[in-house]
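Just so it is clear, none of the values below were taken in a lab; they were calculated from the coordinates. Quick caveat, the model's predicted, so the values are computed rather than measured. All Cβ positions, glycine included, derive from the backbone under ideal geometry; neighbour counts span all protein chains shown.
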Amino acid sequence: MAKVYAMIADGTEEVECLAVVDILRRSGIETVLVSAGKTKDVISSHQVKIQADATVEETDFSDGDVIFLPGGMPGSENLSACEKLIAAIEKAIEEERRIAAICAAPGVVLGRHGFLKGRIATCFPGFEKEFEGAEYTRQGVVTDGKITTARGLGFAIDLGIELVRLLLGNQAAEDVKGKIQYS
């Protein structure tokens, strides 16, 4: 079974995070919501209280197929400052596992730490200034190799469907689209 570690931090854009988590779980993908903070309790960018399944300190990312990074501010800054998360992303890339990010996170987390070098990626307009050595595109969702990025909240469902397609195949992506009346 495919497994995704979905990160969340104080200031994360809740819909970007939870829409993707919802699509993944509807598709039968094991999805663990991981707090980048010291506790499982997180306050989103719009003051929604969310409880994660685990904290970053409790999590061994090595069995995950994907590490997913939602955007929002200051959530993306909080993810970028999480040393254990950055080390897990670096290891996942070395092991050719998937990384996904949306909105500010492609720039603030992936770009800032050099993970997008030589790739085509998208993000919320303005955060591409963090794309060190990467090419910015205004596409809604783009997969370049093992890294998938999305522009913003309006593309959260598309990102979830793309991850289902990458992990489970085209039929599973079509099945979940039918379940949520997406067409």
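Of the residues G37, G71, only one is in a loop (DSSP other than H, G, I, E, B) and either over 28 Å from T137 (Cβ atoms) or more than 12 Å from the chain's Cα centre (by Cα) (or both); which? Only one candidate passes the filter, namely G37.
Being within 30 Å of I180 (Cα to Cα) and among the charged types (D, E, K, R) is a description that does not apply to K129. Against the numbered list (1) touching a residue at least 24 places away in the same chain (Cβ under 8 Å); (2) touching a helix residue (DSSP H, G or I) at 6+ places or on another chain (Cβ under 6 Å); (3) over 18 Å from K3 (Cα atoms); (4) not hydrophobic (A, V, I, L, M, F, W, C), P70 comes up short only at (3). So in the range 127-161, with the set limited to residues that are in contact (Cβ under 8 Å) with a residue 24 or more places away in the chain and in a loop (DSSP other than H, G, I, E, B), which one is surrounded by the fewest Cβ atoms within 10 Å (Cβ to Cβ)? Per the criteria, the residue is G145. The set of residues in the range 33-53 that are of a type in the set (A, V, I, L, M) and in contact with a Ser or Thr (Cβ under 7 Å, 6 or more places away or on another chain) comprises V34, V42, I50, A52.
Please go through the range 107-126 and give me each residue that is surrounded by 21 or more Cβ atoms within 10 Å (Cβ to Cβ) and either within 28 Å of K177 (Cβ to Cβ) or in contact with a strand residue (DSSP E or B) (Cβ under 8 Å, 6 or more places away or on another chain) (or both), ordered by number. If the condition is that a residue be surrounded by 21 or more Cβ atoms within 10 Å (Cβ to Cβ) and either within 28 Å of K177 (Cβ to Cβ) or in contact with a strand residue (DSSP E or B) (Cβ under 8 Å, 6 or more places away or on another chain) (or both), then V109, L110, G111, F115, L116, A121, T122, C123, F124 are the ones that fit.
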